[in-house]
Amino acid sequence: MGSSRLLTYALAGLGLVAVPAEAALPNCNVGALSALNVPNVTITSAVDVPASGADPEFCNVLGTLRTTGFGAPDGSAQFEIRLPANWNGKFLFLGVGGFAGSLNPAVNPVDFLGSLGLGYATAVTDTGHSAGATDARWALNALGQPDEAKITDYYFRAAHEVTVAGKRLVSRYYRASISRAYFDGCSNGGRMAFVEATKFPEDYDGIIAGAPFMDIRSIIAGAKFQKVQLSPTTYIPASKLPAVDAAVYAACDAVDGVTDGLIQNPAKCSFNPNQLVSGTLTSGQANTLKSYISALRDDEGNVIYEGAAITDLNTGGGMDLWSIGFVAPISFTANEPWDTLGFSPSPISWQFVDHFLKYVVERTPTFDLRNFGVSTNGVVSEQALKLFDERSEAGDGDVPAKLKPFIAQKRKLLVYHGFSDPALPPFRTIRYYKNLAKITNGFDELQEHVRLFMVPGMQHCGGGPGPNLFNTLTALDNWVEHGVAPNGIVATHFVNNNPALGVDRTMPLCKFPEQAVFNGGGNVNSATNWQCTRNHRLLELGANGRTAGLGDDNNNEQ
């Protein structure tokens, strides 16, 4: 049995998915769906999928949408829409990850696996091109010039226009109005969520944004780190990370008041990589680790992007997978240091940074990221930053003031981020939320419409040693539909992150800046012994939080 099927049944056992419905699906064919006459839509396939497991019978629709406007040439975006027999009257759009290019959702897995059973009609788009998630070659056309249609579609146009077309198709198919529309995405899907909220606030009643790639400047931070580590004297082999993790837990686990194998607030840690020199790391490797957890700055010292958390680097989905790779580079000086044939694959961060700089920013397929204007001491030049922003900021959703129309319309935004995320630093999301609170009269007023949930021990969109499976879709729906705001969301961890092995820990995720508090008795691994109380403990900083850039006055931080 596949892992997704195991997770589905496990979630059903936890009461997080509904019982599937059986019903006849009329008009699930290309002709009938084409006759709905949705503008610019071409239906290419329609398949009646039988009920299975927790999923009801549904009509699986594939098609393309001609994208237009916004100062760019026309483009073409593929989409998939799933029309369940037990439709609940609601529309759910699913974000996609990386540089998109497929119809594979990047979304909270609990939400995705439960959505059909709960009756949501769902939609997803490839954002206007077909490619692997870390492949940005589509950004240049055959003449080596920027493909403005594909770039605009990736940044924002395709998601918005498929939203509009998808709603029309769903409403016309069921011959009924859509009662609620929600967006759910993680990583690049989280960026899509923020862009929708800031550019098109009327599209969705409620939005879920996980580990948001809201500010594409994270690519520059990745370039800085890769330049630092690409030397035989500075590269950290993955084999050294278990010792680093052990030292971090020894220094930081008890900081939150409970020694329980989970660090509630990595920003409060004060771990110095130098303490590992001679025993575990060389001085050059310690400096590499410092670079990893340090903020990227401009030449005036302002924080451009936060540093990473120091926690849970060696888990198969941490720093090992994303930043340094499981094997050392074949050549520390080559344009492509790792084997391009896949025998010694490069870390995911390298893939993203390398392709984005080559094909979107510099527009030169042979460009070497070492030549980009960011120094190994973490400073990006004014010229490099200007060029990067000119060619990427149309895809950003990171300006707090631009969320005000969404908030003014009383729509809801639920944000979550793993505290041990190695791909997109959690501290970036925290700084955004703190700055948003400053323009909305504080946390109490902001929490009427926007809530952030930090997830201890969770990595990028899932995984990690902390409780990392939780239901944000039902939480959002209860908030939008019934006015019941989520104060705490219970998260579950399976043994070795394998549902077949059973649950080994549960814990409530509290709304930021609250930190979960242990009641002092009972099993530390049970959510019933933890509470979300009114406190601001997640605002507390140690040396690591300050090094990451959270305490800088130039960012108006508290």
Modelled label-to-label distance, R172 and F332, 7 Å Cα→beta-carbon offset: nm? 6.1
Could you give the distance between the Cα centres of the stretch 485-558 and the stretch 273-337, to the whole Å? 25
Please rank H482, H417, H449, H460, fewest neighbouring Cβ atoms within 10 Å first, as an exposure proxy. H482, H449, H460, H417
For D396, the net charge from surrounding residues (Cβ-Cβ under 11 Å; K, R +1; D, E -1) works out to 0
Can you give me the distance in nm between label points at Q383 and E300, each placed 7 Å from the Cα along the Cα-to-Cβ direction? 1.9
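Counting other beta carbons within 10 Å of each residue's own, what order do R505, R66 fall into, fewest first? Mind showing how you got there, number by number?
Values: R505 22, R66 14.
Least crowded to most crowded, the residues run R66, R505.
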Paramagnetic reach from E448 (point 7 Å along Cα→Cβ, amide N under 12 Å) across the stretch 194-224: none
Taking the alpha-carbon centroid of each part, what is the distance from the stretch 139-211 to the stretch 356-418 in angstrom? 19
Could you list the residues of the stretch 168-182 with an amide nitrogen less than 20 Å from a label point located 7 Å from the Cα of V30 in the Cα-to-C-beta direction? 169-170, 173
Computed log₁₀ I(q)/I(0) - Debye formula, equal Cα scatterers, no solvent, the stretch 81-136, q 0.21, 0.23, 0.24, 0.28 Å⁻¹: -0.75, -0.83, -0.88, -1.04
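Multiply the residue separation of A254 and N37 by 0.36 nm, subtract the distance between their alpha-carbon atoms, and state the gained length in nm to one decimal. Please report the intermediate quantities before stating the final value.
Numbers: separation 217, 0.36 × 217 = 78.12 nm, distance 6.12 nm.
Extra length from A254 to N37 when fully extended: 72.0 nm.
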For the chain, just list the percent of Cα-Cα distances falling in each 20 Å bin from zero outward, please. 22, 56, 21, 0
Starting with the fewest neighbours, write out T44, T506 ranked by other beta-carbon atoms found within 10 Å of each beta-carbon. T44, T506
Using 7 Å Cα-to-Cβ label points, what is the L341/N535 separation (nm, one decimal)? 5.6
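Quick one: work out the % antiparallel among DSSP beta bridges in the chain, nearest 5.
Details: 39 of 66 bridges.
Close to 60 percent.
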Please give the contour-minus-distance gain from A243 to A485: 0.36 nm per residue of separation, less the Cα-Cα distance, rounded to one decimal in nm. 83.0 nm
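Rule-based calculations on the coordinates, nothing more; no lab input. Just so we're clear, the structure is a prediction, and the values are computed from it rather than from any experiment. Note: ideal-geometry Cβ built from the backbone for every residue, glycine included; neighbour counts use all protein chains shown.
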